[in-house]
Amino acid sequence: MNEALVRHLRALHSLGPANNDHLSALRVAVSVAVPSLALLFLGRPDLMIYAVFGALTGMYGRSEPHQLRLAHQAQAALVLLSGVSVGVFLSVNHLHSWWLVGVEALLAGVGSVFSDRVNLKPNGPFFGILALGACASVPTTVPWFAALLIAAASAAFSIMIGFGGWVRGRTWRPGAARTAAPLSGPRRQAAMIHAARYVLAVGSAGTVGVLSGSGHPHWAMAAAAVPLAGADLPSSVHRGLHRMMGTFLGLVLVAVVLLPGPWAPLRLFPGAEAAVLALLVIVFQFTTELFMTRHYGLAMVSFTPVILLMTQLAAPADPYILITERAVETVVGAVIGILVIVLIRRRGNPGSQAFSAGRR
């Protein structure tokens, strides 16, 4: 027992092996930077939230050959753009609170089945439901189709950046395909159980968020989805703990940026608040991708400012409330996600074991 505990504690702070992370981080940073700076130049930094979620397409297929990355990122773009589309629909029609909880929980289950079917990496529908909740929580200040066009154009640009290296080294393997297996038999049953866990965890977290009066229940729902992407119970618990610890450290960075203080960047560059926040989003997205596969907690230290700063650009709010609700909702969601993992586990099913192994 003690040896197992020590092993798990070591795994919490150990870095995974490097794998050209700087190249992947650079691709994502460029994918985020170009549309974000274009919107900043046009005087619409409030629309960056749509561009960033489209650009997250570049996070997928990071270590695959170009032709497989092209397919992988096209599949990821479908998940992300679906989330943006539904989120914008909810925002335009002023459907919040219980509508958001019900719709996001349902689509979390659908996204889980799809991501398991096509073997998305990073695992699960997390970024899709994050995009849904974030876009639903901010007012849409442009026609709905303009918001979708920004996200789609950003996703297309990310795919182009991901495929761009093919020009330098043209290699195309006839018949190459991404690893994906039909969801049939025991594997189908395991995928359905896994999708049900997403619905239960995301729905429960959102319910707690709404009942507590939080203005951002979608943060709890997103946090609840994080542990579910783990391949087994230990890795799921580690992801939940990393989510909480990384978020808390990331909120320190957000506080330095947003809260009044002599060294706050917004005080150092008066009159250029939007430009400073936009540039910080780009920088923090680069460092997020730099650690995403090596240490999830460290990645969350940077990703937390990305989400909060672009939310602040889209819908300015009291930073004290923003930071407090982010901390509380993250703990609520991560704990609920871990509890669902513990309570609904796949045991004694060979198809489930194969399914879990395929998610590593």
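Data overview
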{"quantity": "Fewest-first ranking of Y320, Y60, using other Cβ atoms within 10 Å as the exposure measure", "calculated": "Y320, Y60"}
{"quantity": "Cα gyration tensor shape for the stretch 258-343, rounded if a/c is under 1.5, else prolate or oblate", "calculated": "oblate"}
{"quantity": "Label-to-label distance, nm, for residues given as R294 and V256 (7 Å Cα→Cβ offset)", "calculated": "1.9 nm"}
{"quantity": "Label-point separation in nm, L68 to N119, each point 7 Å along Cα→Cβ", "calculated": "0.7 nm"}
{"quantity": "Fully extended contour minus Cα-Cα distance, from H22 to A153, at 0.36 nm per residue", "calculated": "44.7 nm"}
{"quantity": "Between the stretch 235-255 and the stretch 104-136, the alpha-carbon center distance in angstrom", "calculated": "20 Å"}
{"quantity": "Anisotropy class of the stretch 45-88 from Cα gyration tensor, a/c 1.5 cut", "calculated": "oblate"}
{"quantity": "Cβ-based exposure ranking for D116, D232, D46, in which fewest neighbours within 10 Å come first", "calculated": "D232, D46, D116"}
{"quantity": "Förster radius 22 Å - calculated FRET efficiency between L233 and I193, Cβ distance, rounded to 0.05", "calculated": "0.95"}
{"quantity": "Listed peptides 289-298, 201-210, 83-92 by packing density, highest first (mean Cβ within 10 Å)", "calculated": "201-210, 83-92, 289-298"}
{"quantity": "The stretch 14-153 shape via C-alpha gyration tensor axes, a/c threshold 1.5", "calculated": "oblate"}
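No lab work stands behind these numbers, since they all come straight from the coordinates. A quick note: this is a predicted structure, and the numbers were derived from the prediction, not measured. Glycine gets a Cβ as well: all are built from the backbone with ideal geometry, and neighbour counts include every protein chain shown.
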